[in-house]
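Following: one structure in structure tokens, then a few remarks.
Derivation of every value follows stated rules applied to the coordinates shown; laboratory data play no part. Predicted model only: the values in this text are computed from it and were never measured. Heads up, the Cβs are rebuilt from the backbone with ideal geometry, glycines too, and the neighbour counts pull from every protein chain shown.
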Amino acid sequence: MKKDIKTRRDIELLVDRFYKNVRADHLLGPVFDDIAKVNWEKHLRVMYDFWDNTIFFSGTYSGNPMHLHQHLHERFSLNSTHFERWNELFDAVVDELYSGTNALLAKQRAASIAAVIKSKILPNGKSR
Ligand code: HEM
């Protein structure tokens, strides 16, 4: 029986594993590494804080992901396939490592935030 996401350390493991898979992915990897040229040390720290805040309401994140993705979209046209892949990879890592209420919450939050970002940047909020 897998355990649930209970601690900051659990979040760090999830985030590390997720972005490792993102970077290895043919569709998403180049968006992060070639287009956005992400500083991984910094980004991973921000994402630990983001997910810590999203799951445990720890007050560790107060940024604005909407602006950032909009800006990214202006430089490189994201489409619904990018979002589908992002959510697929995220859910797969959550399921590989954890199960329980917080694991479910993480997947639900990822899906709803992806839907909000998509509705802001894709024409007419269309999913395709
Ligand atoms: C097509 C899907 C997505 C792509 C290609 C993408 C890409 C990116 C990139 C390139 C950055 C900037 C990293 C940096 O320069 O340090 C970023 C930041 C971020 N992304 Fe995404 N993202 C996607 C979906 C999502 C989703 C669904 C969520 C939420 C669950 C999310 C949450 C965030 C957050 C919180 C940040 C950090 C914002 C900040 O610096 O305050 N992203 N993303």
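Shown for L78, L104, L122: other C-beta atoms within 10 Å of each C-beta, ranked fewest to most, produce the order L104, L122, L78. Full extension of the chain segment joining E41 with S58 gains 4.0 nm, where the gain is 0.36 nm per residue of separation less the Cα-Cα distance. Residue-wise HN-Hα couplings along the stretch 103-109, as the Karplus relation 6.51 cos²θ - 1.76 cosθ + 1.60 with θ = phi - 60° gives them from phi, are 5, 5, 4, 4, 5, 5, 5 Hz; Gly and Pro carry x.
Between 0 and 90 degrees, rounded to the nearest ten: what's the tilt of helix 40-56 against the longest Cα principal axis of the chain? For helix 40-56, the angle is close to 60 degrees. For the chain, the relative contact order works out to 36 percent when only alpha carbon pairs closer than 8 Å and six or more residues apart are counted.
For the stretch 62-128, what does the relative contact order come out to in percent, with C-alpha contacts under 8 Å and a separation of six or more? Let's see the in-between values first.
Numbers: 33 pairs, mean separation 29.9, N = 67.
With pairs under 8 Å counted, the relative contact order is 45 percent.
Building the convex hull from the alpha-carbon atoms of the chain and averaging its projection over directions returns 7.6 nm². Seen against the Cα atoms of the chain and their longest principal axis, helix 65-75 is set at about 40 degrees. Cross-linked pairs K6/K107; K3/K107; K2/K107; K20/K120: Cα-Cα separations exceed 23 Å for K20/K120.
Working note: Karplus 6.51/-1.76/1.60 with θ = phi - 60° gives the stretch 85-90 the couplings 5, 4, 5, 4, 5, 5 Hz, where Gly and Pro are set to x.
Amide H to amide H distances under 5 Å link S58 with N53, where only residues 5 or more positions off or on other chains count and H is placed in the peptide plane.
Among the chymotrypsin sites (Phe, Trp or Tyr not before Pro) found in the stretch 1-86, those both in a DSSP coil and sparsely packed, with 12 or fewer other Cβ atoms within 10 Å of their Cβ, are F57, F76.
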